[in-house]
Amino acid sequence: MMSMNRSRASRYRRNHKRGVSPIIATILLVAITVVLAAVLYVLVSGLTRTGASTPYEIVMTSTGQSSGTNTYFDIMSIAPTSGLTTSMFGLKVTQLGGTTLTVLPTASLPATCVESTAPTTSICTGVTGDWYGLIVSGTSGATVAIYTASGWSYASGSTLALSNGYTLYVVTYVNFAGSGAVISAFSTGTNSVSGSGNL
């Protein structure tokens, strides 16, 4: 009798087994597909992303100093990461102890100091209390870009692609040599830019 009851119970369970309804199954399949697509998108976008995560560096190495009347030129050779342009970064000069020195206002730039074919040392002079920067062509010796408080200005175009063929001049009214002053680059856009050199 007990065996018969077990047999009936077993048949009942077999006959009343039910699967997931078609609607629930469809919803589950759609949900799984959406999750897999989202995971795949995140993985692919992480592998192909460019721009914001691109690191650039400009190595600045002192190669000496020249001077004129109340004017000192700290001369830096530059070794930039390929693709670095002046539109991506600015410059700052920091004294020993961390004080950031004032960059020359554009309006105070000496009238003779312009982006031109004239030799740098004959057209640019120091201005009391401030500094400014020049990018100089390694072939012609001409100033091709000037850095002031307003940023960069150019002999031509709206930016300058840097290479090892250029030299950075830091123009000052006082002698920075041996003072522990450091010039460094900082990012002005979405790409990271770093690099510094002792004056």
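The values are calculated or read from the model by the stated rules, or taken from the named source; none is laboratory data. Quantities reported herein were computed from a predicted structural model and do not represent experimental measurements. A quick note on method: Cβ atoms are made from the backbone with ideal geometry, for glycine too, and the neighbour counts reach across all protein chains shown.
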Quiz item: Quick one: G195 ticks every box in (1) on the phi > 0 side of the Ramachandran plot; (2) at pLDDT below 90; (3) not hydroxyl-bearing (S, T, Y) bar one, so which box is it?
Solution: (2)
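With T143, T188 as the choices, which residue is under 23 Å from C113 (Cα atoms) and either in the same structural domain as M76 (by TED's automatic domain parsing) or modelled with pLDDT of 95 or more (or both)?
Only one candidate qualifies: T143.
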Quiz item: Do we have any residue at all in region 185-192 that's polar (S, T, N, Q), without any contact (Cβ under 8 Å) to a residue 24 or more places away in the chain and over 18 Å from T71 (Cβ atoms)?
Solution: no
Quiz prompt | Residue match in region 108-115 (condition: aliphatic (A, V, I, L, M), assigned to a strand (DSSP E or B) and either more than 18 Å from T167 (Cβ to Cβ) or touching a residue at least 24 places away in the same chain (Cβ under 8 Å) (or both)) | solution = no
Exercise. Looking only at region 41-61, decide whether some residue is over 23 Å from S194 (Cβ atoms), more than 29 Å from the chain's Cα centre (by Cα) and free of Cβ contacts under 8 Å to residues at least 40 places away in the same chain.
Key: no
Quiz item: Going through region 116-133 one residue at a time, which ones are closer than 19 Å to N175 by Cβ, in a loop (DSSP other than H, G, I, E, B) and either modelled with pLDDT of 95 or more or of a type in the set (A, V, I, L, M) (or both)?
Solution: V127
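V136 - would you say it is assigned to a strand (DSSP E or B) and in contact (Cβ under 8 Å) with a residue 40 or more places away in the chain?
Taking the combined requirement at face value, the residue does not satisfy it.
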Practice problem: Could you tell me whether T63 is in contact with a Leu (Cβ under 8 Å, 6 or more places away or on another chain), assigned by TED's automatic domain parsing to the domain that holds V174 and under 19 Å from G178 (Cα atoms)? | Solution: no
Quiz item: Where residues in region 161-176 are surrounded by fewer than 19 Cβ atoms within 10 Å (Cβ to Cβ) and not in a strand (DSSP E or B), which of them is nearest to the chain's Cα centre (by Cα)?
Solution: S163
Practice problem: Identify the single condition in (1) closer than 17 Å to D130 by Cα; (2) of a type in the set (S, T, Y); (3) at pLDDT below 90 that S53 does not satisfy, given that it satisfies every other one. | Solution: (1)
Practice problem: With the condition kept exactly as written, say whether any residue in region 108-118 is surrounded by 12 or more Cβ atoms within 10 Å (Cβ to Cβ), under 22 Å from L199 (Cα atoms) and among the charged types (D, E, K, R). | Solution: no
Practice problem: Could you tell me whether any residue of region 71-87 is farther than 25 Å from G165 by Cα and either assigned to a strand (DSSP E or B) or assigned by TED's automatic domain parsing to the domain that holds S150 (or both)? | Solution: no
Quiz item: Is it the case that some residue within region 141-155 is touching a residue at least 40 places away in the same chain (Cβ under 8 Å) and over 27 Å from the mean Cα position of the chain (by Cα)?
Solution: no
